[in-house]
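Since the structure comes first, as structure tokens, the remarks are kept for the end.
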Amino acid sequence: MATFVTRFCLALACVLVMFCVPRLAPAADTVIAIDTPMPPPSWALLERELLRQNALACREFFEKYFDERGWLKCVERWGGDDGPDDAIENCLDWPMIHALGGSDDVLRMYKKAWEGHLQQYTAAKTVDVPFAREGMYYKEFPVMMDWLHNGEGLVVFNLQGLSDPDDRAFQQRVKRFAGFYLNEDPGAPNYDPQHKIIRSMFNGSRGPLMRKATGLDWAGDPIEVENRFRPKHGETSYAQMLEHFKDYNDTVGIIRRI
């Protein structure tokens with residue numbers, strides 16, 4: 001709280017200075033010639049080395065865990081334990097490395113991973129989870145999931161604006177994704193303009209889930225946990241995965257009139 005107050009006071013002081021201090025007449029143009037070379041400071045060299053080492057780590061990870069298409073080498077699953085969002089989160093903060101001055105190779109890798117995961121999870125389909133049977137992604141966006149996981153799946157995309165804002169495909173996707181929540185897409189009526197709320201906590205490119213969510217919706221199709229999968233919630237069986245989500249039911253938006 002103290003940090004917030006301090007920042008607020010500093011911002012207010014800057015505004016007051018801008019509007020209250022009399023403006024001085026512009027000075028005549030002055031040319032300053034800097035022609036004395038000097039070595040860069042050690043902190044600058046260390047920052048560059050940090051970016052270089054991060055780029056090398058990204059390269060090693062990418063070559064090991066992504067194939068030539070940019071697809072993650074994994075078992076594609078739907079759900080809150082291990083879904084599409086977790087796949088692309090492997091490139092979390094890679095756009096930040098590039099935005100801070102890292103190698104363009106990092107830009108190329110994370111964009112290939114992004115394009116690859118869009119293809120990978122559009123092709124990936126569920127068997128039992130009803131709303132992802134035609135693909136876990138539709139129109140390059142999750143078909144229908146809670147906003148926590150939708151947001152996690154956008155962490156790389158959201159930072160691309162700092163790294164590569166002029167990319168045409170990025171700009172088009174920003175508009176299309178926003179349209180899912182402005183009712184610009186008739187197939188995704190997520191927004192209730194009367195009550196000014198998102199109609200369901202489960203939402204996406206195929207619209208809102210307008211029923212109670214089930215453990216299956218959250219956990220995804222059955223999987224052999226013991227030998228193939230290690231959920232981070234600590235479950236040791238698929239039954240426990242369903243149990244973890246059994247009470248995550250009330251996802252439809254509710255407005256109570258007073």
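The values are calculated or read from the model by the stated rules, or taken from the named source; none is laboratory data. Please read all numbers here as calculations on a predicted model, not as lab measurements. With ideal geometry, Cβ positions are generated from the backbone for all residues, glycine too; neighbour counts draw on all protein chains shown. Ligands, DNA and RNA are excluded from the accessible area calculation, which covers all protein heavy atoms including side chains. Shrake-Rupley method; radii C 1.70, N 1.55, O 1.52, S 1.80 Å.
Here is a list: ARG230, ARG176, ARG199. Which entry is under 13 Å from MET144 (Cα atoms), open to solvent by 40 Å² or more (accessible area, probe 1.4 Å) and out of contact with any helix residue (DSSP H, G or I) (no Cβ under 8 Å at 6 or more places or on another chain)?
Details: ARG230 fails: under 13 Å from MET144 (Cα atoms); ARG176 fails: under 13 Å from MET144 (Cα atoms).
Result of the check over ARG230, ARG176, ARG199: ARG199.
Taking segment 115-164, which residues are open to solvent by 20 Å² or more (accessible area, probe 1.4 Å), part of a helix (DSSP H, G or I) and aromatic (Phe, Trp, Tyr)?
PHE131, TRP147
Condition (residue is of a type in the set (Asp, Glu), modelled with pLDDT of 95 or more and open to solvent by less than 60 Å² (accessible area, probe 1.4 Å)) applied to segment 64-74: is it met by at least one residue?
First pass over segment 64-74, keeping only residues of a type in the set (Asp, Glu): 67-68.
From what is left, the residues that are modelled with pLDDT of 95 or more are 67-68.
After this cut, where a residue has to be open to solvent by less than 60 Å² (accessible area, probe 1.4 Å) as well, the list is 67.
Yes, because at least one residue in segment 64-74 is of a type in the set (Asp, Glu), modelled with pLDDT of 95 or more and open to solvent by less than 60 Å² (accessible area, probe 1.4 Å).
Out of segment 98-114, which residues are touching a residue at least 24 places away in the same chain (Cβ under 8 Å), open to solvent by 20 Å² or more (accessible area, probe 1.4 Å) and not small (Gly, Ala, Ser)?
Matches in segment 98-114: HIS98, LEU100, ASP105, LEU107, LYS111, LYS112.
Would you confirm whether any residue within segment 72-84 is closer than 30 Å to GLN240 by Cα and in a helix (DSSP H, G or I)?
Of segment 72-84, the ones closer than 30 Å to GLN240 by Cα are 72-84.
When the remaining residues are screened for being in a helix (DSSP H, G or I), the result is 84.
Checked against the condition, which is being closer than 30 Å to GLN240 by Cα and in a helix (DSSP H, G or I), segment 72-84 yields at least one hit.
Out of everything in segment 206-258 that is part of a helix (DSSP H, G or I) and either touching a Cys at 6+ places or on another chain (Cβ under 7 Å) or of a type in the set (S, T, N, Q) (or both), what residue ends up being modelled with the lowest pLDDT?
ASN227
Examine segment 103-126 for a residue that is under 12 Å from VAL156 (Cα atoms) and touching an Asp or Glu at 6+ places or on another chain (Cβ under 8 Å), and state whether such a residue exists.
Yes, that holds for at least one residue.
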